[in-house]
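Some notes on the structure that comes next.
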Amino acid sequence: MKKIIIFLAAVVSIFIVIVLVTNMQKNQKLENNPYQTKDLKPETIDQLDDPLYQNIILPDELNAKLDNKEDVTVYFFSPVCSYCNKTTPIVSPLAEEMDIDLVQLNVWEFEEAWDDYNLEVTPVIIHYENGKEKDRITGYGEKEAFENFFKENVK
């Protein structure tokens, strides 16, 4: 009986250590994240270290740019969207290569963006000029389609 109690205590101790380490790693990952909150969905947390998702803009920041009549190109995405997961590796490097500041707004975290920016699907890239929508490209596409969109609307 004594051996069973010792064994159960060891198993419970190991479980507690695993939970503590996991929580510490999560909290460490959430420190200074671009979303400025620790209340993030797991799929977003998984992307925090991904170099393709490092130009995050928050809705308030985007609204300020649009209110100030600035030009801005926004990539609306969701970490749970399979088309976004195929599109991001195309558009993020392309925008960088073309010297375009492509800001990224996560509609999984900010669901109000669907209505605020008249979104019907993800991914979608919208280019705003003087605070007004000039054009958008929606869905997954080949690199050439995004390159043409950037050339025609941003450059």
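The values are calculated or read from the model by the stated rules, or taken from the named source; none is laboratory data. Computed from a predicted structure; not experimentally measured. Note that we place each Cβ from the backbone using ideal geometry, even for glycine, and neighbour counts take in every protein chain shown. For the accessible areas, the whole protein counts, side chains as well, though only heavy atoms, and no ligand, DNA or RNA atoms are used. Shrake-Rupley method; radii C 1.70, N 1.55, O 1.52, S 1.80 Å.
Taking a 27 Å limit on the Cα-Cα distance, which of the listed pairs Lys69/Lys155; Lys86/Lys151; Lys41/Lys134; Lys65/Lys155 fall beyond it?
On the way: Lys69/Lys155 18 Å; Lys86/Lys151 21 Å; Lys41/Lys134 32 Å; Lys65/Lys155 19 Å.
Where the Cα-Cα span goes over 27 Å, the pairs concerned are Lys41/Lys134.
For the ranges 7-13, 32-38, 118-124, what's the packing order if you count other beta-carbon atoms within 10 Å of each residue, average per peptide, and put the highest first?
Ranked from most to least packed, the peptides come out as 118-124, 32-38, 7-13.
Is the range 101-155 rounded, prolate or oblate when judged by the Cα gyration tensor, a ≥ b ≥ c being the square roots of its eigenvalues, rounded requiring a/c under 1.5 and prolate requiring a/b larger than b/c? Spell out each step's value before the answer.
Details: a/c = 2.10, a/b = 1.39, b/c = 1.51.
Oblate is the answer for the range 101-155, as a/c is 1.5 or above yet b/c matches or exceeds a/b.
Take the alpha carbon gyration tensor of the chain, find the square roots of its eigenvalues, order them as a ≥ b ≥ c, and report rounded if a/c is under 1.5; if not, report prolate when a/b exceeds b/c, else oblate. It would help to have the intermediate numbers written out before the result.
Working: a/c = 3.20, a/b = 2.54, b/c = 1.26.
Prolate shape, in that a/c is at least 1.5 and a/b is the bigger ratio.
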Beta bridge orientation in the range 3-142: antiparallel %, DSSP, nearest 5: 65 percent
Rounded tilt (10° steps) of 2-30 against the dominant C-alpha axis of the chain: 20 degrees
Sequence-separation-based contact order of the range 70-155, relative, with Cα cut under 8 Å and 6+ spacing, percent: 39 percent
GluC sites (Glu not before Pro) within the range 31-109, DSSP loop, no more than 10 other Cβ atoms inside 10 Å: Glu31
Length-normalised contact order of the chain in % [C-alpha pairs under 8 Å, at least 6 apart]: 23 percent
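Could you do me a favour and compute the accessible area per residue for the chain, 1.4 Å probe, result in Å²? Mind dumping the intermediate values first?
Details: 9620 Å² over 155 residues.
Solvent-accessible surface per residue comes out at 62 Å².
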Degrees separating the helix 82-97 axis from the principal Cα axis of the chain, which is the longest one: 60 degrees
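Carbon and sulfur together cover what percent of the accessible area of the range 71-152 at a 1.4 Å probe radius? Each step should come with its number before you reach the end.
Values: 1700 of 4020 Å².
Ligands and nucleic acids excluded, carbon and sulfur reach 42 percent.
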